[in-house]
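Here's the structure, in structure tokens; my notes come after.
The values are calculated or read from the model by the stated rules, or taken from the named source; none is laboratory data. Not measured: the values here are computed from a predicted model. Glycine also receives a Cβ, built like all others from the backbone with ideal geometry; neighbour counts cover every protein chain displayed. Accessible surface areas use protein heavy atoms only, side chains included; no ligands, DNA or RNA. Shrake-Rupley method; radii C 1.70, N 1.55, O 1.52, S 1.80 Å.
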Amino acid sequence: FFLPFCEKHNAENTRQTEMISSSIFSARMRTMIPPTPARSFRNGKRPTMTKASLENSESREEVKEDKEEDKEDIRNTFIESDATRKRSNTRRKMMTTTISAAAFSSFFLSSANETLAGEEEEMMMKTIPDEAPAKQQQQLCEGYSKDVASAFPNLCEYKVTEKVYFDVSIGGENAGRIVIGLFGEDVPKTVANFRELCANSKGFGYQNSIFHRVIPNFMLQGGDFERANGTGGYSIYGRNFADENFKIPFTGPGVLAMANAGPNTNGSQFFLTTAATPWLTGKHVVFGNVLEGFDVVKKVESTQTGRGDRPKKDVVIVQSGVL
């Protein structure tokens, strides 16, 4: 009886000891782990919080606020960094634009300066007289008297390469010789045609032909050795040949030019001017000028004419040739 009683008593003691130990452990755990603060109200009442719970809650709130402040600081730092980066990019773009504008302005100004310098140089070149043409002009004029040079300006501008002549008679009487200079360097083909016709080297030419048309204060026309009326004649190249050029102008009396029936219809007919005829420049090819015997030209000009401006007395080229 005693042994079972002791065993029962011991078992009861053990159970109570375990219960006490369990309650003590639970109490310790409750004191070590603070309870979670209430986040909601039940039955309209706020749960009661201990002093420790309040302290722990405040501590957590402070930590949370610190974290939020850190996040805000990080966010602000990022925003400031981004703004700084954008400002830097904007400055870089503005600097690039400024540099580009400056470079363009510099290029434009340099180009403008070069253009202005070129124009100034060109103007200076135009202003400064060229000595070469003046010297050449002086050399060309040396072989003529001042009266001839002033009367026939082309002689001082274009080089006479060959000379030809006409011995003229009016009404069977000798009127004198006309000497003509030819500008072979400037119109070589036209000069060659006229020279050969003066020399009669092809079996035809000006010898024994007439001046079939005379207009006072304008010109004498001849060279129609075929029909003697202004409808005939032909060149050494064929019936007609093209206008060579119009570089030599009609500057005054004594100019020798090809007569034509329109563009590119040059043959053998020619005329000598007795006055200035600038309106003919560009319409007839000029290729020579009277050197001597302009007084003979004036005699022919003063001859009486009839119908079609034909002289009443025959004006004949008795002899022609090359000097």
query = All other residues with a Cβ under 11 Å from the Cβ of residue 221 taken together, and with Lys, Arg as +1 and Asp, Glu as -1, what is their net charge?
reply = 0
note = Around residue 204 (Cβ within 15 Å, Cβ-to-Cβ, excluding residue 204; K/R +1, D/E -1) the net charge comes to +1
note = Here the gain from full extension of residue 292 to residue 245, 0.36 nm per residue of separation minus their alpha-carbon distance, amounts to 14.4 nm
query = In segment 184-275, how does Rg compare with the Kirkwood Rh, expressed as the Rg/Rh ratio over alpha carbon atoms?
reply = 0.94
task = Report the percentage of all Cα-Cα pairs in segment 256-323 whose separation exceeds 19 Å, rounded to a whole percent.
result = 45
ask   = For the residue pair residue 196 and residue 302, what label-to-label distance in nm results when each label sits 7 Å from Cα along the Cα-to-beta-carbon direction?
value = 3.9
message = Give me the extension gain from residue 147 to residue 177: residue separation times 0.36 nm, minus the current Cα-Cα distance, reported in nm with one decimal.
response = 8.9 nm
message = If you count only protein heavy atoms and use a 1.4 Å probe, how large is the accessible surface of residue 210, to the nearest 10 Å²?
response = 30
ask   = So what J values fall out for segment 238-249 if you push phi through Karplus, 6.51 cos²θ - 1.76 cosθ + 1.60 with θ = phi - 60°, rounded to Hz, Gly and Pro as x?
value = x, 4, 9, 9, 6, 5, 6, 5, 10, 6, 8, x
key: Debye, to nearest 20: dipole size of segment 168-249, +1 on Lys, Arg Cβ, -1 on Asp, Glu Cβ   = 100
request  = Would you tally the net charge around residue 296, using a Cβ to Cβ cut-off of less than 13 Å, leaving residue 296 out, and scoring K and R as +1, D and E as -1?
outcome  = -2
